[in-house]
Amino acid sequence: MNLLSDPRWNDAIGHLPDYLGNHVRVSVAALVLGLAASFPLALMARNRPVMRSVLLVVASIVQTVPGLALLALFYPLLLALAALTSSWFGLGFSAFGFLPAVLALALYSMLPVLRNTITGLQGIDPALTEAARGVGMTPRQSLTMVELPLALPVIMAGIRTAAVWVIGTATLSTPIGQTSLGNYIFAGLQTQNWVFVLFGCIAAAILALVVDQLLALIESGLQVRSRIRVTAGIAVIAALIAVALAPSFARTKSGYIVGAKTFTEQYVLAALISQRLQAAGLPATTREGLGSNVIFEALVNGDIDVYVDYSGTLWANQFHNAGIAPREKLLADIKATLAQRNIILLGELGFENAYALVMPKARADALNIHSIGDLAAHAGAMSIAGDYEFFARPEWAALKKAYGLSFREQRQMQSNFMYAAVASGEVDVIAGYTSDGQIAKYGLTVLDDSRHAIPPYDAIVLLAPRRADDAKLKAALQPLLGKIDIALMREANLRASGTGADSLPTAVARWMWAKINEK
Amino acid sequence: MSDTPPLIAFSHVAKSFDGGRVKAVDDVTLDIAAGEFLAVVGGSGSGKTTLLRLANRLINPDAGTITIAGEDIARVDPILLRRRMGYVFQSGGLFPHMSIAANIGITPRLLGTPKPEIAARVDDLLDLVQLDRVQHRDRFPHELSGGQRQRVGVARALAAKPHIVLMDEPFGALDPVTRDALGADYRALHARLGLTTVMITHDMTEALLLADRVAVMREGRLAALGTAAELSRSDDPYVGELLGTPRRQAERLHAALSRNGTP
Ligand SMILES: Nc1ncnc2c1ncn2[C@@H]1O[C@H](COP(=O)(O)OP(=O)(O)OP(=O)(O)O)[C@@H](O)[C@H]1O
Ligand SMILES: [Mg+2]
C-alpha cells in the first residue's frame, strides 16, 4: 500500500488540534512553572556553595528517573494530597491528567535551567563584577545590568534544552490521563498503527524544533538588542499558546468521557461505548491510553465517566485480594466493594480477557502439553515472556505457587509482539490474553488452568459515582451487556491489529455493533 | 601642603588575604591633599591595587581608618561613596555587552541623570579622551584597540564629575607617544577640573613627570613618599634603585642622541 495514500493519515490529522493543543498547553505550563521555580533558586544558590551542590545533585537525581516513572509517581502523590486538602479544606482537586503531568515535567525541566544559570553566572570574569561594584552598582543592579546579560547565552541554552526535553517527555503523559501527542504513539503502538506512531513522533519533533528555534531567535534578539527579533519570537510563542488554549475554552465540559487502558481491545470498546452514547444523543469523548491503576482512580474521582475493566484485575490489583474465589463469589465481592466506593458495576459484556499461558499448538502437541500442570515439567528448560505488569502481578505468584513453575528465563515485552515472538520460537511460552485475536492468527493454544490459579477476568462496565442515577447512560449501554462473546471480541481484536482504514478502533467498533445486531 | 587638611587620609591601614598569610597592605599612613596628584609606584604584588580598592570600599581594611574630607568612610554607604569617585580599573573593566556610550554613561545613569544630559556628557568625554564621537559612541569594547579601551576607562571614571579619581595603571597598554600625550592631557584636566588624583603606575618616569608626589610601596608598606626632589635625597636603597633606572636611561639616551647629533 502506498504509505502516503494511507487513509490513517487523515484520521491522524483529524486528532491534531486536540492532541497538539493539549501537548503545547501542558509543555508550556510545565516550562513556565519549571522556570519560575528554578530561576530564583539558581540566583539564591549562586553564592551559597552548599545549597548550590545540594540543588544540582537533587536535580540530577530527578533527571535520572525515567520520564514515564516520574509522571506515574506524581499521580498517587497528588491523589494523596487531594484527599488531604479535601478533608482539611473541603476542597479537592483532580489528580488526573494535567496537574501531575505539569508538575512532573516542570521538575524534569529544572536541571538544565538550574545548572546553566548557576554556571553561567559563575563563569563571569570577576574583574567585571568588581567593575560593576566600582562604578557604583548595587548587588541587584550588578545582577540585572551586568551578570544576567553576560550569562544570558548560557542561561538561554539551558532553557532551550529544558524546552526540548519537556516537549519530548510530554508524550509520556498520556498514561496518566493527559492528552498529548503521545496519544498517537501509545494508540499506534497498541493497535499496530504505525502511521500513528510515525505521525506522533514527527509532530513532537517538529514542535520541539520550532520552539527551540523561536527561543534561539529571542536569544539572538536579546544579544544584539534587536526589538524586532525578540518581539517576533515572543509573538509567535504567544500565538502558539493562544491557539493551544482556544479549544479548551470552547469545549463543553458536560460531555461523557469514556476511558480506555493501553491496549487494543480497550480502544475498540471505548470507541464502541462512545458510539453508543452518541447514538443516544449523549455527547461523548474518549480518553485513551490510561495506565491500569490510573484509570480506576480516575473513575472514582469522576475524571472519566465510564470504562471497561476486568473482574480479576480489580480483585487482585485494586482490592488487593490474594488467592482465588469462584466466579460468582468474586463478582459479588467486587460488586460489594465497588458499591462502598459508590461505583456502579453496570454489567458484564459477555467475554473474559484473562491472562493465560500460551504456546504454539504444534509444539504443545509434540511435547504432549495440554495444561499448565503438563508444562511445569518442561519449564526449567523454557523461556517465558509477559507484558510489563505480568511478572509483578499476583496471578504470576499464584501460578508459580499452584504449579511449582520455574522457567529458565523470563522476559518482558510489549504485549503486541509477544504472539509473534512465541510463534517464531523467540520464546517458548507467553502470558497472553484469552481474547487476543492473534492466538488464532498464529495457531497458538491456550494451556488449561486446571487448578484455577488465575481468577476469572470477565469484562465489566463501570460507571463513575456521579453517573449513578443516569438512566439515559445506562439505557444507552444496556444493549451491549452480555452481547460480546469471546469469539466476537477475538475477531474484533484481530481486525484492530491489522492495517488500513477498517482497522481503526472506530471502524472495528462499528463492525462489532453490526455483528451484535445480527444476532 | 601640610597646612591644608588632607582630602584622603589613610591612618595605620592594614589589609591581609588568605587568613593573614598575605599582608597586602601593612600599616600604611598617608595623607593626600585636595587637588593633589599622587602617583603610587612599586613592584608587582606590593599592594598598590589593594590600597586603591580600600579607598572606595571595594574591600574593607582589617585595621586602621580611611577618611575622606574628614569623614570615616566605614560609616558612609559604599554604593554612594563609589558613585562619587572615579575609578579606572587595571584590567579596563569595560562591560562587553554595553556600547562605549553606555559604558561611559553608566554611573550618571545609576545616579538618575536624564538621558539627554548623559548623551551630551558622553560626547564631551569622548572629545576629552580624543576619541571620535560619531565613530566610537555606538561601538562595543571588543571593537576597540587596547589603548582606545583605556581611554574609555578614563572617560567612564570622569563621567559623574567626581572630585576624586583613582586610577590603576590607566595608560598601561598605550604606545609611548600616546601615553605621554594622554598623560599630559589628563594632568591638564586634573588641574582644570580641580581633581584629586591617585594614579598607580609601573613607570617611574611617568610618575615623576606627572605627579606632585610619589608614594613608593614595597611589600605592603609605604617605603617612601615625597616629591621628585625629596625622593632623590632619600637614602633608602630601594628608592635609589627605582630612581636610578630612569636617570641612567635619561643619561644614556642623552649621550646617544648627542653622539649622533655632533659632527
Ligand atoms: N582578593 C585577594 N585574595 C588573595 N590575595 C590577594 C587578593 N588581592 C590581592 N592579593 C594579594 O595581595 C598582594 C598585593 O596585591 P595587589 O593587587 O595590591 O598588588 P599590586 O601592587 O597592585 O600588583 P600589580 O602591580 O601586579 O598590579 C599580592 O600578593 C596579591 O596576591
Ligand atoms: Mg595592581
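The values are calculated or read from the model by the stated rules, or taken from the named source; none is laboratory data. The model shown is predicted, which means the values in this text are computed figures rather than measured ones. Because the Cβ atoms are built from the backbone with ideal geometry, glycine has one as well, and the counts that use them run over all protein chains shown. Heavy atoms of the whole protein, side chains included, go into the accessibility calculation; ligands, DNA and RNA do not. Shrake-Rupley method; radii C 1.70, N 1.55, O 1.52, S 1.80 Å.
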Matching residues, the stretch B:86-127, being within 9 Å of chain A (Cβ to nearest Cβ), under 21 Å from the mean Cα position of the chain (by Cα) and in a loop (DSSP other than H, G, I, E, B): B:Gln90, B:Ser91, B:Gly93, B:Leu94, B:Phe95
Select from the stretch B:128-139 the residues that are more than 14 Å from chain A (Cβ to nearest Cβ) and not aliphatic (A, V, I, L, M) and write down the one among them that is least open to solvent (accessible area, probe 1.4 Å). B:His136
How about the stretch A:477-489: which of its residues are in a helix (DSSP H, G or I) and either over 28 Å from the mean Cα position of the chain (by Cα) or modelled with pLDDT under 90 (or both)? A:Gln478, A:Pro479, A:Ile486, A:Ala487
Scan the stretch B:179-212 for residues that are open to solvent by 10 Å² or more (accessible area, probe 1.4 Å) and touching a Phe, Trp or Tyr at 6+ places or on another chain (Cβ under 8 Å) and jot them down. B:Arg179, B:Leu182, B:Arg187, B:Glu206, B:Leu210, B:Ala211, B:Asp212
In the stretch A:356-475, which strands (runs of 3 or more DSSP E) lie fully inside it and hold 1 or more residues that are among the aromatic types (Phe, Trp, Tyr)? A:429-433
Assess whether A:Gly136 counts as being over 39 Å from the mean Cα position of the chain (by Cα) and open to solvent by less than 10 Å² (accessible area, probe 1.4 Å). yes
What strands (runs of 3 or more DSSP E) lie completely within the stretch B:178-230 and have 2 or more residues being modelled with pLDDT of 90 or more, closer than 27 Å to B:Gly240 by Cβ and within 11 Å of the chain's Cα centre (by Cα)? B:196-200
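Yes/no per residue for (1) open to solvent by 40 Å² or more (accessible area, probe 1.4 Å); (2) over 22 Å from B:Ala155 (Cα atoms); (3) of a type in the set (Val, Ile, Thr):
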| position | (1), (2), (3) |
| --- | --- |
| B:Ser44 | yes, yes, no |
| B:Thr49 | yes, no, yes |
| B:Glu71 | yes, yes, no |
| B:Pro78 | no, no, no |
| B:Gly86 | no, no, no |
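So which of A:Val154, A:Val166, A:Val210 ends up being out of contact with any Lys or Arg (no Cβ under 8 Å at 6 or more places or on another chain), within 30 Å of B:His97 (Cβ to Cβ) and open to solvent by less than 10 Å² (accessible area, probe 1.4 Å)?
A:Val166
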Between a residue in the stretch B:56-67 that is away from ligand 2 (no atom under 16 Å from the Cβ) and any residue that is of a type in the set (Lys, Arg), which pairs come within a Cβ distance under 6 Å, given they are 6 or more apart or on different chains? B:Pro61/B:Lys15; B:Asp62/B:Lys15
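Quick grid of which residues meet (1) on the phi > 0 side of the Ramachandran plot; (2) touching a Pro at 6+ places or on another chain (Cβ under 9 Å):
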site: B:Gly70; (1), (2): yes, yes
site: B:Leu80; (1), (2): no, no
site: B:Gln90; (1), (2): no, yes
site: B:Ala102; (1), (2): no, no
site: B:Leu111; (1), (2): no, no
site: B:Leu131; (1), (2): no, no
site: B:Gln135; (1), (2): no, no
Of (1) assigned to a helix (DSSP H, G or I); (2) away from ligand 2 (no atom under 16 Å from the Cβ); (3) surrounded by 14 or more Cβ atoms within 10 Å (Cβ to Cβ), B:His142 satisfies every one except (3)
Hey, B:Asp77 hits all of (1) within 14 Å of chain A (Cβ to nearest Cβ); (2) near ligand 1 (Cβ under 9 Å from one of its atoms) but one; which does it fall short on? (2)
Condition check for A:Tyr403: of a type in the set (Ser, Thr, Tyr) and either open to solvent by 30 Å² or more (accessible area, probe 1.4 Å) or touching a strand residue (DSSP E or B) at 6+ places or on another chain (Cβ under 8 Å) (or both): no
Which numbered condition in (1) at negative phi; (2) touching a residue at least 40 places away in the same chain (Cβ under 8 Å) is the only one that B:Gln148 fails? (2)
What residue, of A:Val54, A:Val102, is surrounded by 14 or more Cβ atoms within 10 Å (Cβ to Cβ) and either in the same structural domain as A:Arg25 (by TED's automatic domain parsing) or of a type outside the set (Asp, Glu) (or both)? A:Val102
Yes/no for B:Ser91 being modelled with pLDDT under 90 and either of a type in the set (Asp, Glu) or within 16 Å of ligand 2 (Cβ to nearest atom) (or both): yes
Can you say whether B:Val28 is β-branched (Val, Ile, Thr), more than 14 Å from chain A (Cβ to nearest Cβ), touching a residue at least 40 places away in the same chain (Cβ under 8 Å) and more than 9 Å from ligand 1 (Cβ to nearest atom), as far as the supplied structure shows? yes
Between a residue in the stretch B:166-191 that is within 14 Å of chain A (Cβ to nearest Cβ) and of a type in the set (Asp, Glu) and any residue that is within 16 Å of ligand 1 (Cβ to nearest atom) and in a helix (DSSP H, G or I), which pairs come within a Cβ distance under 6 Å, given they are 6 or more apart or on different chains? B:Asp168/B:Thr49; B:Asp168/B:Leu52
Looking only at the stretch B:139-173, count every residue that is acidic (Asp, Glu) and away from ligand 1 (no atom under 16 Å from the Cβ) and tell me the total. 1
Scan (1) under 20 Å from A:Gly380 (Cα atoms); (2) in contact (Cβ under 8 Å) with a residue 60 or more places away in the chain; (3) open to solvent by less than 30 Å² (accessible area, probe 1.4 Å) for the single condition A:Ala423 breaks and write down its number. (3)
Selection from the stretch B:171-213 of residues away from ligand 2 (no atom under 16 Å from the Cβ) and small (Gly, Ala, Ser) yields B:Ala181, B:Gly183, B:Ala184, B:Ala188, B:Ala191, B:Gly194, B:Ala211
So which residues in the stretch B:31-43 are more than 13 Å from ligand 1 (Cβ to nearest atom) and of a type in the set (Val, Ile, Thr)? B:Ile32
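In the stretch A:58-168, which helices (runs of 4 or more DSSP H) lie fully inside it and hold 1 or more residues that are more than 14 Å from chain B (Cβ to nearest Cβ)? Please lay out each step first, then the result.
Values: elements: A:67-89, A:98-122, A:126-134.
Here the list reads A:67-89, A:98-122.
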Could you run through the stretch A:416-451 and say how many residues are modelled with pLDDT under 85 and either out of contact with any helix residue (DSSP H, G or I) (no Cβ under 8 Å at 6 or more places or on another chain) or on the phi > 0 side of the Ramachandran plot (or both)? 1
Looking only at residues that are touching a Leu at 6+ places or on another chain (Cβ under 9 Å) and not small (Gly, Ala, Ser) in the stretch A:308-317, which one is nearest to A:Leu269 (Cα to Cα)? A:Val308
Kindly indicate which of A:Ile304, A:Ile343, A:Ile369, A:Ile295 is more than 26 Å from A:Gly97 (Cβ to Cβ) and either touching a Phe, Trp or Tyr at 6+ places or on another chain (Cβ under 6 Å) or buried (at least 18 other Cβ atoms within 10 Å of the Cβ) (or both). A:Ile369
